[in-house]
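Okay, so here's the structure we're looking at.
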Amino acid sequence: MFVTQDVVLRFFFRKKKILRNGFSIPINSSIILAPTHRSRWDGLILTMAMGRRVTKKDCRFMVTKSEMRGIQGWFLKRLGCFSINQLSPSFSALKYAINLIEKKEQLVVFPEGKINKYGKKLVLKEGLYRLSRLAAKKTTSIFIIPIGIAYSKVPPNFRGEFCLSFGKPIAINDYLNFSIKEFNMFLYKKMIQQEEEALKNVGR
C-alpha cells in the first residue's frame, strides 16, 4: 500500500481527484464496485479511493484468467485479485465471489470485461448481474456502485491527471425482475454518466 499509493501514484500523477458526490457506503450491506475500465491504473486508483485506508476493507478484484499469468499475475494477486474464466466460469470461482459478497467484502467487477481504452460503446458482460442475482439468494442487501474513472490522456501519461467519480448506489433487489439486457443498459448508462462527470474534472 505504501509503495503503490504513497510512492507510485503520487510520483506518476500530477493531480488526483475523487468526486464523492455525497456518496456514502451503505451500512450493513454488501457492495460491488462497478467501474469503467480504461487503463491498468484503474485498480490502484480504486484501491486509493475505496481501499483499506478509507473503508478498513481491501478491494477484491475479479479479473480474467489471462491477466493472472507471469509477473503481472504475481503482482495482481497481491493487490487482491482472483481470476475467473469469462466464457465458462468454474463453480469454485463463482462460490468464492459469492462468499466475498456474503461476508460484505468489497468486490470489484469491471462490467466491460476488459480494458476499453477509448471508451467505445459496448455491451456489458453478463457476469455481474448473474453473480448479483445468485448472491441475492444468500444475503438480502446488495448494492452496486457505478464508478467512472477518467484520465487527462489515454493511455495515462507521466505527470498527467485522473479523476474518479462515484455514482448513487444501486440496490440490486429493486432490479431482480429486469432481464440481463435491461439491467446492463441501465448500469452502463450510470457508469458513463459518472465517467462524463470525471472527464469534466481532468485537464484535457
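The values are calculated or read from the model by the stated rules, or taken from the named source; none is laboratory data. Computed from a predicted model, the values in this text were never measured in an experiment. All Cβ positions, glycine included, derive from the backbone under ideal geometry; neighbour counts span all protein chains shown. Protein only, heavy atoms only, side chains kept; ligands, DNA and RNA dropped before computing areas. Shrake-Rupley method; radii C 1.70, N 1.55, O 1.52, S 1.80 Å.
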Karplus-derived 3J(HN,Hα), 6.51/-1.76/1.60, for each residue of the stretch 12-18, Hz, glycine and proline x: 6, 9, 6, 9, 10, 9, 10
How far apart, in nm, are the 7 Å Cα→Cβ label points at residue 181 and residue 93? 2.6
Karplus 3J(HN,Hα) series, Hz, for the stretch 178-193 with 6.51 cos²θ - 1.76 cosθ + 1.60 (x for Gly, Pro): 6, 6, 4, 4, 5, 5, 5, 5, 5, 5, 4, 4, 5, 5, 5, 4
If I compute solvent accessible area with a 1.4 Å probe over the protein chains, what percent of it on the chain is carbon and sulfur? 55
Choose one answer from 169, 35, 146: the residue with the largest mean-square fluctuation in a GNM of the chain with alpha-carbon springs under 10 Å. 169
Using a Gaussian network for the chain with springs between C-alpha atoms less than 10 Å apart, which of these wobbles most: 70, 119, 127? 70
Keeping every protein chain present and rolling a 1.4 Å probe, give me the accessible area per residue for the chain in Å². 54
Between Rg and the Kirkwood Rh of the chain, both from Cα atoms, what is the Rg to Rh ratio? 0.94
With n ≥ 4 as the cut-off for DSSP H runs, can you work out [θ] at 222 nm for the chain, using -39500 (n - 2.57) per run divided by the number of residues, rounded to the nearest 500? -9000 deg cm²/dmol
Relative to a virtual label point 7 Å from the Cα of residue 11 in the Cα→beta-carbon direction, which members of the stretch 35-60 show backbone nitrogen distances below 17 Å? 41, 44-45
Specify the inter-centroid distance of the stretch 51-117 and the stretch 134-204, based on alpha-carbon positions, in whole Å. 16
Dipole magnitude of the chain about its Cα centre, charges +1 at Lys/Arg Cβ and -1 at Asp/Glu Cβ only, in debye to the nearest 20? 400
Report the chymotrypsin sites (Phe, Trp or Tyr not before Pro) located in the stretch 80-186 that are in a DSSP loop and have at most 14 other Cβ atoms inside 10 Å of their Cβ, or state none. 118, 158
Output the relative contact order of the chain, whole-number percent, from Cα pairs under 8 angstrom with separation of 6+ residues. 30
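Go through 57/168; 125/200; 104/137 and tell me which ones have a Cα-Cα distance over 25 Å in this structure. Write down the numbers at each step before the final one.
Numbers: 57/168 20 Å; 125/200 27 Å; 104/137 14 Å.
Distance filter (> 25 Å) returns 125/200.
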